[in-house]
Amino acid sequence: MDDQKDRVVLVTGASGGLGYQISRGFAGKGAKVVMAVRNQKKGEQKAVLIRDMRGSADVDVMVLDLADLSSVRAFSGLFHKQYDRLDILVNNAGIMACPYGKTTDGFELQFGTNHLGHFALTLLLIDMMRSVQDPRVVTLSSLAHSFGSLDFDDLDWQKRRYRKWQAYGDSKLANLYFTHELQRRFEGEGFPLIAVAAHPGWAATDLQRHEGWLQPLNAFFAQSAAMGALPVLYAASAPEVKGGEFFGPDGIRGMRGYPVKVQPNMRSGDRRTAGLLWEVSEELTGVEW
Ligand SMILES: NC(=O)c1ccc[n+]([C@@H]2O[C@H](COP(=O)([O-])OP(=O)(O)OC[C@H]3O[C@@H](n4cnc5c(N)ncnc54)[C@H](OP(=O)(O)O)[C@@H]3O)[C@@H](O)[C@H]2O)c1
């Protein structure tokens, strides 16, 4: 990564896993990093580790619960008060294959956290990116997007038997639709911000906590969280990256390795669905472009 001095980088879900590594990567290159976390104590502990690594590291911890739109709004309000710019937004936080649950606003938990929370956050902060050079929004997707298929008649799984893996895949497909539509909107306005997506392959983090059988497999199949963070850091900082692209590891089945540009599935390129998801997301969150 080039030097990131004078850049303000906001990372969601920075209290562990990839988010911590992404924050560490940016802080190591001199950026001002805002670690958005739902658990302040956990976030502060991670910030201390980053400062231990680099005494001059400039990291702040701020509370954000993506499963609660009032928290997203409050976060945005405070961020606007405390900062005058945002160069890079990394929409990283996520949950996977959890039991059925709902966000504070009543949305299915995975869709509500992974997609709607980030949708609202991005739109609320975009004005702070308008005056910076090379602004970027990087959103974490997953190989799991490939089995995603949104049911617009039942986004909250009220009419069907809940399938936790399907709901995860759906939310990660939504992350790609969001990236593509966001990019089209920037281009439509002639605004030089770029929206890109990245995935870490299979990285050893706490993400698998809801699947007891999966976590032990991390030891054999997963790469480190630090390696998993590389495609995100690449997407967020490499000068050659273009809007709408998707980055992931270059190794076997895209599960490990160093960052390369990868192809999302055909479905994620569907403009009509991406446009529909955008409209529905505006309606559900009450946050508009
Ligand atoms: N690890 C992988 O192999 C893998 C593969 C594909 C994609 N991904 C994607 O990578 C991203 C990061 O996952 P990870 O592997 O680093 O998982 P992780 O270790 O479980 O970390 C997830 C982070 O998100 C935070 N978070 C969860 N719910 C939140 C909420 N409602 N509001 C704010 N923050 C919240 C967590 O906070 P707490 O610390 O409070 O729990 C944690 O900091 C996710 O989007 C995931 O879908 C990961």
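The values are calculated or read from the model by the stated rules, or taken from the named source; none is laboratory data. Here the structure is a predicted model, which means the values were calculated and not measured. Because the Cβ atoms are built from the backbone with ideal geometry, glycine has one as well, and the counts that use them run over all protein chains shown.
Kindly indicate the residue of segment 70-100 that is in contact with a helix residue (DSSP H, G or I) (Cβ under 9 Å, 6 or more places away or on another chain) and charged (D, E, K, R) and also surrounded by the fewest Cβ atoms within 10 Å (Cβ to Cβ) among those meeting that condition. Don't jump to the end; show me each part of the working.
So the first thing to find is which residues in segment 70-100 are in contact with a helix residue (DSSP H, G or I) (Cβ under 9 Å, 6 or more places away or on another chain), and the list is 71-73, 75-77, 79-80, 83-100.
This time we only want the ones that are charged (D, E, K, R), so: 73, 84-85, 87.
Working: Arg73: 16, Asp84: 10, Arg85: 14, Asp87: 22.
Looking at residues that are in contact with a helix residue (DSSP H, G or I) (Cβ under 9 Å, 6 or more places away or on another chain) and charged (D, E, K, R), I get Asp84.
Working only within segment 51-71, note down all residues that are within 14 Å of the ligand (Cβ to nearest atom) and assigned to a helix (DSSP H, G or I). Let's see the steps before the verdict.
Within segment 51-71, the first condition is being within 14 Å of the ligand (Cβ to nearest atom), and the residues that meet it are 61-71.
The answer is Leu69, Ser70, Ser71.
Going by what's in this entry, would Val90 be described as within 19 Å of Leu123 (Cβ to Cβ), out of contact with any Pro (no Cβ under 8 Å at 6 or more places or on another chain) and among the β-branched types (Val, Ile, Thr)?
Yes; evaluated as a whole, the condition is true for this residue.
Please count how many residues of segment 7-29 are closer than 21 Å to Thr122 by Cα, in a loop (DSSP other than H, G, I, E, B) and more than 16 Å from the ligand (Cβ to nearest atom).
Residues flagged as closer than 21 Å to Thr122 by Cα, in a loop (DSSP other than H, G, I, E, B) and more than 16 Å from the ligand (Cβ to nearest atom) within segment 7-29 amount to 1.
Within segment 93-117, can you find the residues that are within 12 Å of the ligand (Cβ to nearest atom) and either more than 20 Å from Asp154 (Cα to Cα) or hydroxyl-bearing (Ser, Thr, Tyr) (or both)?
Ala93, Gly94, Thr103, Thr104, Thr113
Taking Leu173 as the residue in question, decide whether it is of a type in the set (A, V, I, L, M), away from the ligand (no atom under 12 Å from the Cβ) and either surrounded by fewer than 15 Cβ atoms within 10 Å (Cβ to Cβ) or assigned to a helix (DSSP H, G or I) (or both). Write out each step before concluding.
Numbers: of a type in the set (A, V, I, L, M): yes; away from the ligand (no atom under 12 Å from the Cβ): no; either surrounded by fewer than 15 Cβ atoms within 10 Å (Cβ to Cβ) or assigned to a helix (DSSP H, G or I) (or both): yes.
So Leu173 fails the test.
Can you confirm whether segment 149-163 contains a residue that is crowded, with 16+ Cβ neighbours inside 10 Å and charged (D, E, K, R)? Lay out the reasoning, then the answer.
Going residue by residue through segment 149-163, those that are crowded, with 16+ Cβ neighbours inside 10 Å are 150, 155-157.
Next cut, charged (D, E, K, R) only: 156.
Checked against the condition, which is being crowded, with 16+ Cβ neighbours inside 10 Å and charged (D, E, K, R), segment 149-163 yields at least one hit.
Check Ala235, Ala225 and return the single one that is over 13 Å from the mean Cα position of the chain (by Cα) and either at pLDDT 95 or above or near the ligand (Cβ under 8 Å from one of its atoms) (or both).
Going through Ala235, Ala225 in turn, the sole match is Ala225.
Mind telling me which of the residues Asp134, Asp105 ends up being touching a helix residue (DSSP H, G or I) at 6+ places or on another chain (Cβ under 8 Å) and over 23 Å from Trp202 (Cα atoms)? If you could, list the steps in order and put the result at the bottom.
On the way: Asp134 fails: touching a helix residue (DSSP H, G or I) at 6+ places or on another chain (Cβ under 8 Å).
Sole residue among the options that is touching a helix residue (DSSP H, G or I) at 6+ places or on another chain (Cβ under 8 Å) and over 23 Å from Trp202 (Cα atoms): Asp105.
Residues that are polar (S, T, N, Q) and within 27 Å of Thr103 (Cβ to Cβ): list the helices (runs of 4 or more DSSP H) wholly contained in segment 203-289 that include at least 3 such residues.
Where helices (runs of 4 or more DSSP H) fall fully within segment 203-289 and carry at least 3 residues being polar (S, T, N, Q) and within 27 Å of Thr103 (Cβ to Cβ), they are 271-285.
Would you please list the contacts, defined by Cβ atoms under 6 Å and residues six or more apart or on different chains, that run from a residue in segment 250-271 that is over 13 Å from Ser146 (Cα atoms) to a residue that is among the hydrophobic types (A, V, I, L, M, F, W, C) and surrounded by fewer than 16 Cβ atoms within 10 Å (Cβ to Cβ)?
If the second residue must be among the hydrophobic types (A, V, I, L, M, F, W, C) and surrounded by fewer than 16 Cβ atoms within 10 Å (Cβ to Cβ), the pairs left are Asp250/Val260.
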